[in-house]
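A quick write-up on the structure given underneath.
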Amino acid sequence: MPIAIVDEAVRAWVHARESMPPSPNHLALLRGINVGGRNRVPMRDLKVVCERLGWTSVGTCLQSGNIVFASSQPTDSLESSLEAAINAHFKLSIPVVSRSLVAFERILKASPLRSEARDHPSHVILYLSKNSVKGTAQQDLQCKAESGERVIRAGHEALWIDFPNGIARSKLTPKAIDAAVGSPATGRNWKTACRIMDLASSEYPQP
């Protein structure tokens, strides 16, 4: 193939790459929306709210408020910006927890409950909190655990809980988890967490 044709193909590929939107590099998790008719936040409207913040490559997953997007803002700024925007648009006070996708993927890969997740993925819950997880969180919650429930603190970043018999009647309530962790926390089961990563991959622009 003549060099001129190769050069032209390379230039076209570079131009295509430069013209594409950036790949998602963050996620945001909303807490307590679209549950039993309360705190209704349509995903289509939420996506628009995020785009008005200047976020790009925005994608949503399920109705529980899982967003992947690209932004250069610091994480704490992302949380407060979206909380303010949701309050302004929907008149709701909704806690938002954000992480980089790199950090989220690292947390998933390091899960101490992978075998349990294979057996009952909907009952293994990852909790992420706005602030660092308190060092006493695991002990404080394990004292209240019943029916084979296991609580594992994964450093300061996350808390894993295995609810082998389901979460409905557990004493490890959102209020108890918040108190033990030290700040508002929101949970996603293993299946949802993996779907969020799949969404992030599907949102990566392809040349």
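The values are calculated or read from the model by the stated rules, or taken from the named source; none is laboratory data. Just so it is clear, the structure is predicted and the values come from calculations on it, not from any experiment. When we count neighbours, we look across all protein chains shown, and the Cβ atoms used for this are built from the backbone with ideal geometry, even at glycine.
Miscellaneous remarks
- Yes/no for Leu46 being surrounded by 14 or more Cβ atoms within 10 Å (Cβ to Cβ) and in a loop (DSSP other than H, G, I, E, B): no
- Selection count, region 153-164, where residues are part of a loop (DSSP other than H, G, I, E, B) and either closer than 15 Å to Leu113 by Cα or in contact with a strand residue (DSSP E or B) (Cβ under 8 Å, 6 or more places away or on another chain) (or both): 4
- Residue match in region 139-150 (condition: more than 30 Å from Arg40 (Cβ to Cβ), in contact with a strand residue (DSSP E or B) (Cβ under 9 Å, 6 or more places away or on another chain), part of a strand (DSSP E or B) and at pLDDT 95 or above): yes
- Looking at Ser80, Ser122, Ser64, Ser115, just one residue is farther than 28 Å from Gly166 by Cβ and either hydroxyl-bearing (Ser, Thr, Tyr) or outside any loop (DSSP other than H, G, I, E, B) (or both), and that residue is Ser80.
- When Leu172, Leu199 are checked against the criterion of being of a type in the set (A, V, I, L, M, F, W, C), buried (at least 18 other Cβ atoms within 10 Å of the Cβ) and at pLDDT 95 or above, a single residue qualifies: Leu172.
- Filtering region 93-112 to residues that are basic (Lys, Arg) and assigned to a helix (DSSP H, G or I) leaves Arg106, Lys109.
- Only one of the listed residues (Leu82, Leu126, Leu101) is surrounded by 18 or more Cβ atoms within 10 Å (Cβ to Cβ) and farther than 16 Å from Met197 by Cβ. That residue is Leu82.
- Some residue of region 92-105 being of a type in the set (Lys, Arg) and under 24 Å from Arg153 (Cα atoms): yes
- Subset of region 42-72 (residues that are within 23 Å of Lys191 (Cβ to Cβ) and touching a Phe, Trp or Tyr at 6+ places or on another chain (Cβ under 6 Å)): Val58, Phe69
- Filter pass, Ser23 being under 26 Å from Val133 (Cα atoms), in a loop (DSSP other than H, G, I, E, B) and at pLDDT below 95: no
- On inspection, Leu108 qualifies as in contact with a strand residue (DSSP E or B) (Cβ under 9 Å, 6 or more places away or on another chain) and either among the acidic types (Asp, Glu) or closer than 28 Å to Ile161 by Cβ (or both).
- Filtered residue count, region 165-207, keeping only those that are assigned to a helix (DSSP H, G or I), small (Gly, Ala, Ser) and under 21 Å from Pro121 (Cβ atoms): 4
- With respect to the stated conditions, Glu51 fails to be at pLDDT below 90 and either surrounded by fewer than 19 Cβ atoms within 10 Å (Cβ to Cβ) or among the polar types (S, T, N, Q) (or both).
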